[in-house]
Number of protein chains: 2
Amino acid sequence: MKNFAVILAGCGIYDGTEIHEATLTLLAIKKLGAGYQCFAPDISQHHVINHLTGDEMNEKRNVLVEAARIARGDIKPLSDFNPKNFDALIFPGGFGVAKNLCTVVFDGFNASVNKEIEKAVKEMLKLKKPIGAMCIAPVLIAKIIGDVNVTVGKDEATAETIEKMGATHITANYDDVVIDDKHNVFTTPYYMEATDIVQVYEGAHNIVEAMLKVMG
Amino acid sequence: MKNFAVILAGCGIYDGTEIHEATLTLLAIKKLGAGYQCFAPDISQHHVINHLTGDEMNEKRNVLVEAARIARGDIKPLSDFNPKNFDALIFPGGFGVAKNLCTVVFDGFNASVNKEIEKAVKEMLKLKKPIGAMCIAPVLIAKIIGDVNVTVGKDEATAETIEKMGATHITANYDDVVIDDKHNVFTTPYYMEATDIVQVYEGAHNIVEAMLKVMG
């Protein structure tokens, strides 16, 4: 059975991992006959957003502890990730990817990347194992790799940031998967283009299926 | 288009609504051609549980504010719920249902029920509109109605609590839907029996399909 490491960045679209995107990624992985283990870095969230009002809250939360909500407690610190035990690495979206795992929301193409995240991605690249990134997460992959083809759908501002990182942005619909053969990187827009939860699941099915295909 | 009111109790299995169950309920509703609006009571959570360790945290969180994470911000306070605008009411599970919406975890069959929740359920019963409850949520419905047939799968302790409330517990598998024709109440076990996320989605599909069938 092929085994996916799913990297989470908290719990909730505005300060963590988008919940539908994460859940439907897990559903697609299982439905297509593979397995998964969730991971998250044991770090503070950049901030906490009230998802009802959009305002910042005067609270501190931990990325791993909050991501454990999505994983029903079955999650490991990213420091435990061993690339030899997994066939693929995958990043659902949500602003947490661009606030907690890297700093694109604040620093644009000059963003810095969490060291454990960078290490995990580079190790998988070295082993030529597939890496998937959805929604806003392709900015993280573009920042780490540089010269790579990715999509965030049709969002021009984010595409411009990606191009400034040295990557190539490919416009795509919610059900498209952009594949970079050279690096074995797979990207799809999820809620960057999907207008409802059913379309997100179509994207999840398509990207996981495409990744499984190259695993043979 | 048939319209479901989905009632949430927070965000996370141990102190709120179980995230996969909520997300897959929304997916099933949309996939089967209906629509939804999420609601939650604007009340404090009973407590906050660290989902990594299972320990209680010294924090205060609000049920509506945290449930907004699952709803991507598109949620209304339960005080805004008007039964005339909806064709069905549905409760995904998670301990929050039995800690925040009622007190079954602490008080067993003597549990008290949040007044807004009780009002919403009783109004839908009066209008003979279908009510769905998954996982642990049937305890809430049993407490409100009393004489009703429900399932929480094969959990004997919870079944006993339900029977003490005056309800009848029917043993069921993860893909079964128990239907109480008299009250138009639908229940299915979700993670009380499902061993993975694919089985939860099968339950979601089955209960939403069964509810849509009686709506005609």
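Tabulated results
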quantity	calculated
Wholly within the range A:20-107, strands (runs of 3 or more DSSP E) carrying at least 2 residues that are more than 14 Å from chain B (Cβ to nearest Cβ) and free of Cβ contacts under 8 Å to residues at least 24 places away in the same chain	none
Hits in the range B:149-183 (condition: over 24 Å from residue B:202 (Cα atoms), of a type in the set (A, V, I, L, M) and surrounded by 21 or more Cβ atoms within 10 Å (Cβ to Cβ))	B:162, B:165, B:167
Residues of the range B:90-127 satisfying the condition of being touching a Phe, Trp or Tyr at 6+ places or on another chain (Cβ under 7 Å) and β-branched (Val, Ile, Thr)	B:90, B:97, B:105
Test: residue in the range B:100-109 that is closer than 16 Å to residue B:145 by Cβ, over 15 Å from the mean Cα position of the chain (by Cα) and surrounded by fewer than 19 Cβ atoms within 10 Å (Cβ to Cβ)	yes
Any chance residue B:198 is closer than 22 Å to residue B:26 by Cβ, within 14 Å of another protein chain (Cβ to nearest Cβ) and either open to solvent by 30 Å² or more (accessible area, probe 1.4 Å) or modelled with pLDDT of 95 or more (or both)	yes
Matching residues in the range B:1-19 - criterion: being within 11 Å of another protein chain (Cβ to nearest Cβ) and either open to solvent by 10 Å² or more (accessible area, probe 1.4 Å) or not in a loop (DSSP other than H, G, I, E, B) (or both)	B:13, B:14, B:19
Some residue of the range A:179-193 being of a type in the set (S, T, N, Q) and within 20 Å of residue A:98 (Cα to Cα)	yes
Pairs, first under 11 Å from residue A:176 (Cα atoms) in the range A:191-203, second among the basic types (Lys, Arg) and open to solvent by less than 40 Å² (accessible area, probe 1.4 Å), C-beta under 8 Å, six or more apart	none
Qualifying residue in the range B:48-56 (condition: modelled with pLDDT of 95 or more, open to solvent by less than 30 Å² (accessible area, probe 1.4 Å) and polar (S, T, N, Q))	yes
Selected residue [more than 15 Å from residue B:201 (Cβ to Cβ) and of a type in the set (Ser, Thr, Tyr)] from A:17, A:25	A:17
Some residue of the range A:184-194 being open to solvent by less than 60 Å² (accessible area, probe 1.4 Å) and farther than 24 Å from residue A:23 by Cβ	yes
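The values are calculated or read from the model by the stated rules, or taken from the named source; none is laboratory data. Note that the coordinates shown come from a computational prediction; the quantities given were computed from them, not determined experimentally. Note that each Cβ is placed from the backbone with ideal geometry, even for glycine, and that neighbours are counted across all protein chains shown. Quick note on the areas: whole protein, heavy atoms, side chains included, nothing else; ligands and nucleic acids left out. Shrake-Rupley method; radii C 1.70, N 1.55, O 1.52, S 1.80 Å.
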